[in-house]
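Working notes for the structure below.
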Amino acid sequence: MPGRVKQSELQENTSYSEMTTKTDVPITKVTEPSLELGLICADRDGNRIRIDSVDRDARKLSYHFLNDELRVQEGIQERLIEDFLAEGWYMAGAGKSL
């Protein structure tokens, strides 16, 4: 599908958190300091989300799944930050897209 990150392009390397795709666009695993409003992330299957809120005091965040046109696809999901990070989301480098 156009606009989706192919699973073959994301190769997990346990000793490094940065990877590159066939197009040499840096793809990094999302970390807590990188969580911010509006951040678009993808999972290993190419599903994309947009972060809608980050509440560091309550240790929670909320997000929406996005369709291929980057429009909201589903209702708001809320997770503890630790649980969200454990799911293994990825983000593109500055000025790049997933």
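The values are calculated or read from the model by the stated rules, or taken from the named source; none is laboratory data. All of these numbers come straight from a predicted model, not from anything done at the bench. Because the Cβ atoms are built from the backbone with ideal geometry, glycine has one as well, and the counts that use them run over all protein chains shown.
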Inset, instruction - Please specify each residue of the range 43-96 satisfying the condition of being farther than 14 Å from Lys29 by Cα and among the hydroxyl-bearing types (Ser, Thr, Tyr). - result: Ser53, Ser62, Tyr63
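Identify the residue in the range 7-56 that is in a helix (DSSP H, G or I) and closer than 24 Å to Gln73 by Cβ and, among all such residues, is modelled with the highest pLDDT.
The first filter runs over the range 7-56 and keeps only residues in a helix (DSSP H, G or I), leaving 7-9, 32-34.
Okay, now just the ones that are also closer than 24 Å to Gln73 by Cβ, so 7-9, 34.
Working: Gln7: 54, Ser8: 54, Glu9: 51, Ser34: 94.
Restricting to residues being in a helix (DSSP H, G or I) and closer than 24 Å to Gln73 by Cβ, the top hit is Ser34.
For Leu85, state whether it is at pLDDT 90 or above and assigned to a helix (DSSP H, G or I). First the steps, then the outcome.
Details: at pLDDT 90 or above: yes; assigned to a helix (DSSP H, G or I): yes.
Yes; evaluated as a whole, the condition is true for this residue.
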Inset, instruction - Look through Arg4, Arg71, Arg59 and report the one residue that is modelled with pLDDT of 95 or more and of a type in the set (Lys, Arg). - result: Arg59
Legend entry - Among the candidates Leu61, Leu70, Leu80, Leu85, residue that is surrounded by 14 or more Cβ atoms within 10 Å (Cβ to Cβ), over 11 Å from the mean Cα position of the chain (by Cα) and not polar (S, T, N, Q): Leu61
Legend entry - Inter-residue pairs, beta-carbon under 8 Å, first among the β-branched types (Val, Ile, Thr) and in the range 82-94, second surrounded by fewer than 18 Cβ atoms within 10 Å (Cβ to Cβ) and not in a helix (DSSP H, G or I), 6+ apart: none
